[in-house]
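Colleague: Below is one structure. I have some questions about it.
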Amino acid sequence: MRTAYSVETVRAAERALMARLPEGALMQRAAAGLAAACAELLGRVYGSRVVLLVGSGDNGGDALYAGARLARRGAGVTAVLLTPGRAHGGGLAALRRAGGTVVAADRAEEPILRADLVLDGIVGIGGKGGLRPDAERLTDVVARSRAAVVAVDLPSGVDADTGEARGAALRADLTVTFGTYKPGLLVDPAREYAGVVRLVDIGLEPPPADAELVALQHADVARLLPVPVAESDKYRRGVVGIAAGSARYPGAAVLAVSGALRGGAGAVRYVGPAQEAVIARFPETLVSDAGPAKAGRVQAWVVGPGAGDDAATVAEVLEADVPVLLDADGLRLAERDAVRRRTAPTLMTPHAGEAAALLGVRREEVEEARLAAVRELAAVYRATVLLKGSTTLVADFAGGPVRVNATGTPWLATAGSGDVLSGLAGSLLAAGLGAVDAGSAAAYLHGLAGRFAASGAPTGAHDVASCIPEAWRDVVG
């Protein structure tokens, strides 16, 4: 499991560690790990050309000390000082002793364009609101160069705590972060600027405070997935109800059922106007002509995919005393107070546009501040919210770390993909997982299934559903 902590928590842990170490030792640890990562990326250090973009803080000091290590190995290292009077004194002296050179920002274009590697030490984890104009000009030059870009701790211009990138930011190929992950490295849009993220151990003890974000890995998800035992039957494994589809959108019901059948529950019960389409594709589905309340026993409901304007069915499902997943039209049709007064868990699965409509803001505001949006939506509805996107977020109204998932692929941006995810998550709810775990595990499996289905080429939602068993085996194997 990857854990990400706030800037305040990280700084407190660093202060505690520095109090036990000789002066400057912590920065030297960071610089050693940074230099090693740069050397690995370069392949051959001797004779390479390295440019350091150096700001005024410790971030710039890390870059200078790392540059000195590379210079001692035969690299030609040039430091561009954005604030010459405030550059880290010890790091600057070390670079000069190692044979490095220094240039002012207004003479940086030629060295950058000739560089094999650019080390971004402009702004550290305390930066807010994008880059200043002088730094922004340098990022334009870096973008025109052919150099590999390595960010020190965090790409300059992005917010470490929120993942926001308000204004210009430097786009890295590799980010070397120290001690622990920062939320901005795991959440878009900032994650897009970070490239590959490498964590360097500098001896920080696990912070006592709760993490801001956690990212599950294979082993974490494997522990969550339901496994039948000898005494299991289809009802003991859980029955998930699917109330979805309409005359206009029967395929949404089929796709939601396809995800549910592969999600660990023992049976899928369908209620809605797309019975013929569902049975034709999945004859093992239990169908009912009655409404949700009379359909038979279920351990969880999925309502909303392709539902059109069937507000009555959404309201009926919300009255059930079992976990409910709200998706698509169900999000639009559900009364906020009806969701808030539920005592059984509710899992909402909007994309950015749906989340924006529920919050009464522009879609761009959600996309620019995804972490804030998912937390706000969970609080407003007193529910668990899975905010879909390139990095899917799962937040619970009761608080705790937000779960982040990055197994997906852009090929999942296809019609019906969200219906498959809803069925899968609903099945996990019926199998006994809590809302946060069901949403997190479903997003993880769905993302992997999307990768397996696409394999570098366009794919359809039905292909994604078909690959869920492969993703499941990959996780548990």
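The values are calculated or read from the model by the stated rules, or taken from the named source; none is laboratory data. These numbers come from a predicted model, not from an experiment. Please note: Cβ atoms are built from the backbone with ideal geometry, for glycine as well, and neighbour counts cover all protein chains shown. All accessible areas refer to the heavy atoms of the entire protein, side chains included, with ligands and DNA or RNA removed. Shrake-Rupley method; radii C 1.70, N 1.55, O 1.52, S 1.80 Å.
Colleague: Find all pairs meeting these conditions: Cβ atoms under 6 angstrom apart; at least six residues apart or on different chains; first residue within segment 282-295 and closer than 13 Å to S258 by Cβ; second residue buried (at least 17 other Cβ atoms within 10 Å of the Cβ).
Modeller: Hits for this filter: F282/V257; T285/V257; T285/V268; T285/Y270; T285/V278.
Colleague: Can you find even one residue in segment 366-378 that is more than 16 Å from P189 (Cβ to Cβ), open to solvent by 40 Å² or more (accessible area, probe 1.4 Å) and in a loop (DSSP other than H, G, I, E, B)?
Modeller: For segment 366-378, residues more than 16 Å from P189 (Cβ to Cβ), open to solvent by 40 Å² or more (accessible area, probe 1.4 Å) and in a loop (DSSP other than H, G, I, E, B): absent.
Colleague: Here's a follow-up. Tell me which residues, restricted to segment 379-403, are part of a helix (DSSP H, G or I) and either crowded, with 24+ Cβ neighbours inside 10 Å or out of contact with any strand residue (DSSP E or B) (no Cβ under 9 Å at 6 or more places or on another chain) (or both).
Modeller: Answer for segment 379-403, where residues must be part of a helix (DSSP H, G or I) and either crowded, with 24+ Cβ neighbours inside 10 Å or out of contact with any strand residue (DSSP E or B) (no Cβ under 9 Å at 6 or more places or on another chain) (or both): just V380.
Colleague: Restricting to segment 59-69, name every residue that is more than 33 Å from the chain's Cα centre (by Cα) and open to solvent by less than 20 Å² (accessible area, probe 1.4 Å).
Modeller: Residue satisfying the conditions is A68 alone.
Colleague: Restricting the search to segment 381-395, which residues are among the charged types (D, E, K, R) and closer than 10 Å to T346 by Cα?
Modeller: The one that is among the charged types (D, E, K, R) and closer than 10 Å to T346 by Cα: R382.
Colleague: Among the listed residues S232, S246, identify the single one that is out of contact with any helix residue (DSSP H, G or I) (no Cβ under 9 Å at 6 or more places or on another chain), surrounded by 13 or more Cβ atoms within 10 Å (Cβ to Cβ) and assigned to a loop (DSSP other than H, G, I, E, B). Write out each step before concluding.
Modeller: On the way: S246 fails: out of contact with any helix residue (DSSP H, G or I) (no Cβ under 9 Å at 6 or more places or on another chain).
Going through S232, S246 in turn, just one is out of contact with any helix residue (DSSP H, G or I) (no Cβ under 9 Å at 6 or more places or on another chain), surrounded by 13 or more Cβ atoms within 10 Å (Cβ to Cβ) and assigned to a loop (DSSP other than H, G, I, E, B): S232.
Colleague: Here's something else I'd like to know. Sort through V287, V302, V314 and tell me the only one that's outside any helix (DSSP H, G or I) and buried (at least 21 other Cβ atoms within 10 Å of the Cβ).
Modeller: Being outside any helix (DSSP H, G or I) and buried (at least 21 other Cβ atoms within 10 Å of the Cβ) holds for just one of V287, V302, V314, which is V302.
Colleague: Give the residues of segment 132-150 that are at pLDDT 95 or above and among the hydroxyl-bearing types (S, T, Y), sorted by residue number.
Modeller: Listed by number, the list holds a single entry, S145.
Colleague: Given V271, V229, which one is free of Cβ contacts under 8 Å to residues at least 12 places away in the same chain and either farther than 18 Å from P469 by Cα or among the polar types (S, T, N, Q) (or both)? First the steps, then the outcome.
Modeller: Values: V271 fails: free of Cβ contacts under 8 Å to residues at least 12 places away in the same chain.
Criteria check complete, one pass: V229.
Colleague: Now a separate question. Is it the case that segment 323-330 has a residue that's over 18 Å from L424 (Cα atoms) and not basic (K, R)?
Modeller: no
Colleague: Give A457, A441 a once-over and let me know the one that is part of a helix (DSSP H, G or I), farther than 18 Å from A211 by Cβ and either open to solvent by 20 Å² or more (accessible area, probe 1.4 Å) or of a type outside the set (D, E) (or both).
Modeller: Checking each option against the conditions leaves just A441.
Colleague: Just to check your reading of the model, which residue among G353, G360 is surrounded by fewer than 19 Cβ atoms within 10 Å (Cβ to Cβ), in contact with a helix residue (DSSP H, G or I) (Cβ under 6 Å, 6 or more places away or on another chain) and more than 29 Å from D474 (Cα to Cα)?
Modeller: G353
Colleague: Any idea how many residues of segment 404-420 are in a helix (DSSP H, G or I), open to solvent by 10 Å² or more (accessible area, probe 1.4 Å) and not aromatic (F, W, Y)? Break it down into steps so the answer makes sense when it comes.
Modeller: From segment 404-420, those in a helix (DSSP H, G or I) are 410-412, 417-420; that's our starting set.
Still in the list and also open to solvent by 10 Å² or more (accessible area, probe 1.4 Å): 410-412, 418-419.
Pick out the ones that are also not aromatic (F, W, Y) and you get 410, 412, 418-419.
Adding up the residues that qualify gives 4.
Colleague: Here's something else I'd like to know. If I go through segment 317-332 residue by residue, how many of them are part of a loop (DSSP other than H, G, I, E, B) and open to solvent by less than 10 Å² (accessible area, probe 1.4 Å)? Talk me through it step by step, then tell me what you get.
Modeller: Here is the first cut: in segment 317-332, the ones part of a loop (DSSP other than H, G, I, E, B) are 319-323, 327-328.
In the following step, the residues that additionally are open to solvent by less than 10 Å² (accessible area, probe 1.4 Å) were identified as 327.
Looking only at that region, the number is 1.
Colleague: Restricted to segment 148-193, and to residues that are part of a helix (DSSP H, G or I) and touching a strand residue (DSSP E or B) at 6+ places or on another chain (Cβ under 6 Å), which residue is surrounded by the fewest Cβ atoms within 10 Å (Cβ to Cβ)?
Modeller: Restricting to residues being part of a helix (DSSP H, G or I) and touching a strand residue (DSSP E or B) at 6+ places or on another chain (Cβ under 6 Å), the top hit is P183.
Colleague: Also, I was wondering about something else. Of the conditions (1) modelled with pLDDT of 95 or more; (2) touching an Asp or Glu at 6+ places or on another chain (Cβ under 7 Å), A105 satisfies every one except a single condition; which number is it?
Modeller: Of the numbered conditions (1) modelled with pLDDT of 95 or more; (2) touching an Asp or Glu at 6+ places or on another chain (Cβ under 7 Å), the odd one out for A105 is (1).
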